[in-house]
Structures are given as structure tokens and as C-alpha cells.
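For reference, the structure discussed in these notes is given below.
The values are calculated or read from the model by the stated rules, or taken from the named source; none is laboratory data. None of these values were measured; they are calculated from a predicted model. All Cβ positions, glycine included, derive from the backbone under ideal geometry; neighbour counts span all protein chains shown. We work out accessible area using only protein heavy atoms, side chains counted, and drop any ligands, DNA or RNA first. Shrake-Rupley method; radii C 1.70, N 1.55, O 1.52, S 1.80 Å.
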Amino acid sequence: GDAPAAKTDDEDLKAAVTGYSRWVNSQADEFLKETTAFVALVKAGKVEEAKAAYPHARSYWERIEPVAESFGDLDPKIDGREDVIEEGMAFTGYHRLERDLWQDGLQPDTSAIADQLLADVTTLIEQVRTVKLNPLQLANGSKALLDEIATGKITGEEERYSHTDLWDFNA
């Protein structure tokens, strides 16, 4: 029979971007679902249940983080650590809630921080649906994440309060 013609590099790259985009969308859907559940537990004051849900929900963020720069300032709002956020930015998102759950206890503004996290994740999901990815962006984002793992996550500074770093590595 006739063998199919070999794909060109352009076709292979396009197929890779299409497949990764589909995967990012599926992970984003789960990220919203799990973040919604996590936020509900935080707001209900169910600290131990929220602690159990935290690494599972965050793992979906880690899976799409190679393209996080596509989403502007949502990355530091969702995943910024207190010591690396830009001057003038509030410390919000998952790591602020991590600190509240594991170190400081629930604070008067914890519910508001949880609401903001869910709003930011919802906005992120809307952007995921429309972002146009390219092969160079995927390669650079993946390399940057591997560099971050090697220099920061491996030392425990990412999950400094919860010590759930292995969840991040797995994701």
C-alpha cells in the first residue's frame, strides 16, 4: 500500500501545540473545579480539610505553569510567594492561603483572599480558552519551569509552609 507522506517540521510543531493546548484546557477545567472546592473549605473554616485539598488543587496550576506568562499578572496573583511579588502588589493567592492555613491561622481577610483567588482563577480559565500558543513559547516555558524546580522548588521555598513540594514535582 501507499505509505502516508512524512509530516514536515511545521506540521509536527502545529500538532504539538494543538495537543498541548487541548491538554491545558482540560487541566484548566480541573483547576477551576478544585480551586472552587478549596476556596469553599477555606471560607467555611475547615482548616484540616482545606489543607488536604490545597496540594491537589494547586497541582493543576503546576501543570499549566509552563504557559503562565501568557496570562499576564495572574501568575503572581495566583502563585506569587511573599518574597518575590513585585513592589506594590498584594500578597494573595494560593501561597497567602497556605501561610494562613499552616502558619498564621485564618485571618480576618482570609475569606476575601480566597474569593480573590477564585476570581483570578476564573479569569485565567477565560484566558486559557483564547490564548494562542506557539512552539517556542512552550519550549521556553517548560525550560523555565525546570529551572525553577532546580533552583527554587527543590529547596522547599515554594511550599515553605505546607511542605507539599512533592505534589508540585509530580505535577
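Here are some notes:
- Remark: the chain carries a charge dipole of roughly 440 debye about the Cα centre, counting +1 on each Lys and Arg Cβ and -1 on each Asp and Glu Cβ.
- Legend: distances between Cα atoms for Lys43/Lys77; Lys14/Lys143; Lys33/Lys132; pairs beyond 21 Å are Lys33/Lys132.
- Of all accessible heavy-atom area on region 7-123, the percent that carbon and sulfur account for (1.4 Å): 50
- Taking packing as the residue-averaged number of other Cβ atoms within 10 angstrom, the listed peptides 90-98, 128-136, 51-59 run from highest to lowest as 90-98, 51-59, 128-136.
- Here region 1-90 is described by how far its Cα atoms reach on the three principal axes: 65, 33, 14 Å, from widest to narrowest.
- The mean accessible area for residues of the chain, using a 1.4 Å probe and ignoring ligands and nucleic acids, is 54 Å² per residue.
- Enclosed volume per residue, in Å³, of the convex hull spanned by Cα atoms of region 30-171: 105
- Of Pro4, Leu41, Gly105, farthest towards positive along the dipole that unit charges on Lys, Arg, Asp, Glu beta carbons give region 1-118: Leu41
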